[in-house]
Amino acid sequence: MTLAVRVRGFAAWAPGLEDAAAWRGWSAAPGPLGREGVPDARFLPAMLRRRCTPLTRIMLRAAFDVCPEPLRAEVRTVFASRHGSINESIELIEAVARRQPISPAKFSHTVHNAQAALYSIATGNRRASSSLAAQEDTLASGWIEALAHLEREPARPLLLVQGDVPLAPTFAPLVDEPVASYAVAWLLAADGDGEPLELALEPAAPGVTRPRRAWPEAAELLRWWLADEPSLELPGPRQCAVFRRGEA
Amino acid sequence: MARRPCSLSALGLVSSLGAGAADTWRRLAAGDSSRLSERSDLAPGRTLLVGAVREPLPEVPAALARYACRNNALTLAALGQIEEPVQAALARFGPGRVGVVLGTSTSGVSDAEAAIAHHVRTQSLSPTFFYDQLEFGGAAGFVAELLGLRGPAYTLSTACSSGARALASARSLLALGACDAVIAGATDSLCGLTAGGFGALQAIADGVTNPMSANRAGITLGEASALFLVTGEPGGIQLQGAGESSEAHHMSAPDPEGRGAREAMEAALRDAGCGADDIAYLNLHGTGTPLNDAMESVAVAALFGERVPCSSTKPLVGHTLGAAGALEAAFCWLVLRGREGAELLLPPHAFDGVRDPALPWLRLAAKGERARAAPPARVMTNSFGFGGNNCTLVLGESA
């Protein structure tokens, strides 16, 4: 099963890696991404800055960088994050456990679509938007959901944003993953302009496990894209996602 | 519209109305509002009327203990009802061609609350707590591991539109050819976080929710799981249209003009290749909050006038949040499946009967009301979520 898409652009943000040139440098000699850090918030409307969690600021920074005006308000969006706003939920659950009152504004920002919602509010975007999570398979799942949106409306470009921040210390020991603050955003289209990319979902080869990397899978995909290698295999828990450069 | 068919082939569901299609439909069609119950353990110092599932739930198998939580037990209860067709689909298509797309807004928060309370007291996590119970992706991951599926498996979480959105994406996965069958739907469970959060927003009614009433004062919380086996075949009841929009307005309040709601409904009609006159019944989002009902009634009246019979079923089951879009699509499926000759028996709009004169007049379905709708009929369901995430579905009988 091979799905085809056009890549119109990418942008990414991690502490110390704030533009395409920095990411090109990183991809030539990849290593762990920064654990903590946030981009300057001045790109956001003033009224939204205060409510922006680190993840929101990072994901929206990458989204704004890849998607120019006036397209920002016109794209469909898919936000993929394994943990999303879970750190803020944990804070509220701790408040519940201590029988303390919950802040209504904080509660409404714990939804998994908080980043998508603030993107919509900040840009005036009224289009369809999905937010998803899929444990260690969140990267490939984000692409599949992005393709599912392009299937619904092939004429409209799609903004795919993937990112996470470190899980709160209470739960961090339960999850084995590269710890980083990052977002990678892709501007995609069903056809027309852009570089062709194919995503094949193939049966997982028996005994093949995911290689241990010091950086998140979303960064690995970007590393591959910048390295000009023909294909990238990302073995998942159920299927192997194979990214290939398509025929122009 | 030439498009690959999307058959809602089998339905499993559990809510406060009961477990399974037969009990649910009987109580839904009768407008049985006696199934809500009181809970004093969800919000400190407050007894809440909620739509809790009353049936004992199956246990998550020991081998999958890291997924053991009430949310997944609800999923398991719904999944058990469609085990036979699901296994047949797995045998027919192979595990690599069967996917799962679930919606949830809570995942295993109710169980995580106990673990976090334990942590607050002792500074250590309880040994029965696993992150897989809490993380959103675990809702779909649980089903995939339980059934040995090897197709795409992910969780959509867009607040109260999650369940509708899961069905829309399942349809796209079939159309893309990424799957031959998808288990799609949603599960949400009652927990202290949502009770406390909606309480803090002053959004929970003291008694039963009272949608479209002048006396409406908020939601009644509920829990449910509703799962469909979705296949790319003609016949039966089809998911014919999905319409989506974002509000670009506010985190917890909709656009008062109902612009986003209307855009979602119009997009769903376009996607289904039909017009407003083709809709025989509309299941409202109808949360019973002042803002939702005001904007939804404006949007519905603008699109349908006074013609389409509609109801909110939330006074019967509560607002099941992330599950609501799938549960209410399931109710629409039951309406179509319950066809009586040239008529459809409709779930009544159970409220205090005091219409809000400030809202446009809607044709709210009375108890026992039937819509004249020769086959093939179409019905619609609305879901509007926090952050302004809207999704409307059109279900229809095959021609």
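The values are calculated or read from the model by the stated rules, or taken from the named source; none is laboratory data. Keep in mind the model is a prediction, meaning the values are calculated, not measured. For neighbour counting, all protein chains shown are included, and Cβ atoms are generated from backbone atoms with ideal geometry for every residue, glycine included. Areas reflect the complete protein model, heavy atoms only, side chains present, ligands, DNA and RNA absent. Shrake-Rupley method; radii C 1.70, N 1.55, O 1.52, S 1.80 Å.
Being under 30 Å from residue B:95 (Cβ atoms), open to solvent by 20 Å² or more (accessible area, probe 1.4 Å), in contact (Cβ under 8 Å) with a residue 40 or more places away in the chain and under 18 Å from the mean Cα position of the chain (by Cα) is a property that does not hold for residue A:202.
The sole residue among A:134, A:105 that is of a type in the set (A, V, I, L, M) and within 7 Å of chain B (Cβ to nearest Cβ) is A:134. Of the residues making up the stretch A:168-197, those that are under 19 Å from residue A:7 (Cβ atoms) and either open to solvent by 60 Å² or more (accessible area, probe 1.4 Å) or not in a strand (DSSP E or B) (or both) are A:190, A:191, A:192, A:193, A:194, A:195.
Taking residue A:225 as the residue in question, decide whether it is assigned to a loop (DSSP other than H, G, I, E, B) and in contact (Cβ under 8 Å) with a residue 60 or more places away in the chain. Criteria not met by residue A:225.
The strands (runs of 3 or more DSSP E) found wholly in the stretch B:341-399 and carrying at least 3 residues that are open to solvent by less than 10 Å² (accessible area, probe 1.4 Å) and within 14 Å of another protein chain (Cβ to nearest Cβ) occupy B:389-397. Here residue B:297 passes the criteria (1) open to solvent by 10 Å² or more (accessible area, probe 1.4 Å); (2) in a helix (DSSP H, G or I) except the one numbered (1). A single entry from B:336, B:316, B:291 fulfils the requirement of being in a helix (DSSP H, G or I), modelled with pLDDT of 95 or more and farther than 24 Å from residue B:26 by Cβ: B:291. Every condition in (1) at negative phi; (2) open to solvent by less than 20 Å² (accessible area, probe 1.4 Å); (3) more than 18 Å from the chain's Cα centre (by Cα) is met by residue B:212 except one, and the failing one is (1). Considering only the stretch B:216-234, I want to know if a residue exists there that is at pLDDT 95 or above, over 20 Å from the mean Cα position of the chain (by Cα) and more than 30 Å from residue B:79 (Cβ to Cβ). Yes, the stretch B:216-234 contains at least one residue that is at pLDDT 95 or above, over 20 Å from the mean Cα position of the chain (by Cα) and more than 30 Å from residue B:79 (Cβ to Cβ). For the stretch A:42-73, taking the residues that are among the basic types (Lys, Arg) and surrounded by fewer than 20 Cβ atoms within 10 Å (Cβ to Cβ), the one that is nearest to the chain's Cα centre (by Cα) is identified as A:72. Taking the criterion of being over 16 Å from residue B:319 (Cβ atoms) and open to solvent by 10 Å² or more (accessible area, probe 1.4 Å), the residues of the stretch B:177-198 that qualify are B:177, B:180.
Run down B:201, B:174 and say which single residue is within 14 Å of chain A (Cβ to nearest Cβ), open to solvent by 10 Å² or more (accessible area, probe 1.4 Å) and more than 18 Å from the chain's Cα centre (by Cα). On inspection, the qualifying residue turns out to be B:201.
Within the stretch A:82-110, the set of residues being farther than 18 Å from residue A:183 by Cβ and of a type in the set (A, V, I, L, M) comprises A:90, A:92, A:93, A:95, A:96, A:97, A:102, A:105. Would a scan of the stretch B:244-256 turn up a residue that is more than 14 Å from chain A (Cβ to nearest Cβ) and not small (Gly, Ala, Ser)? Yes - at least one qualifying residue is present in the stretch B:244-256. Just so you know, in the stretch A:226-245 the residues that are out of contact with any Lys or Arg (no Cβ under 7 Å at 6 or more places or on another chain) and open to solvent by 20 Å² or more (accessible area, probe 1.4 Å) include one that is nearest to residue A:27 (Cα to Cα), and it is A:227.
For the stretch A:48-92, a residue qualifies if it is within 12 Å of chain B (Cβ to nearest Cβ) and of a type in the set (Val, Ile, Thr), and the qualifying residues are A:56, A:75, A:77, A:78, A:86, A:90. Selection over the stretch A:20-41 of residues that are more than 20 Å from residue A:165 (Cβ to Cβ) and open to solvent by 30 Å² or more (accessible area, probe 1.4 Å) gives a count of 6.
The set of residues in the stretch B:133-162 that are open to solvent by 10 Å² or more (accessible area, probe 1.4 Å), within 7 Å of chain A (Cβ to nearest Cβ) and in contact (Cβ under 8 Å) with a residue 40 or more places away in the chain contains only B:150.
Considering each residue of the stretch B:83-95 in turn, none proves to be touching a residue at least 60 places away in the same chain (Cβ under 8 Å), buried (at least 16 other Cβ atoms within 10 Å of the Cβ) and not in a helix (DSSP H, G or I). Just one of the listed residues (B:178, B:170, B:186, B:166) is part of a loop (DSSP other than H, G, I, E, B), touching a Gly at 6+ places or on another chain (Cβ under 9 Å) and under 14 Å from residue B:101 (Cα atoms), namely B:178. Here residue A:100 meets each of (1) more than 7 Å from chain B (Cβ to nearest Cβ); (2) open to solvent by 10 Å² or more (accessible area, probe 1.4 Å); (3) assigned to a helix (DSSP H, G or I) with one exception, condition (3). Scan the stretch A:145-167 and tell me whether some residue there is farther than 24 Å from residue A:214 by Cα, open to solvent by less than 30 Å² (accessible area, probe 1.4 Å), at the interface with chain B (Cβ under 8 Å from one of its Cβ atoms) and within 13 Å of the chain's Cα centre (by Cα). Looking for residues that are farther than 24 Å from residue A:214 by Cα, open to solvent by less than 30 Å² (accessible area, probe 1.4 Å), at the interface with chain B (Cβ under 8 Å from one of its Cβ atoms) and within 13 Å of the chain's Cα centre (by Cα), one finds at least one in the stretch A:145-167, hence yes.
Yes or no, residue by residue, for (1) within 17 Å of residue B:382 (Cα to Cα); (2) open to solvent by less than 20 Å² (accessible area, probe 1.4 Å); (3) assigned to a strand (DSSP E or B):
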site	(1), (2), (3)
B:216	no, no, no
B:227	no, yes, yes
B:242	yes, yes, yes
B:250	no, no, no
B:253	yes, no, no
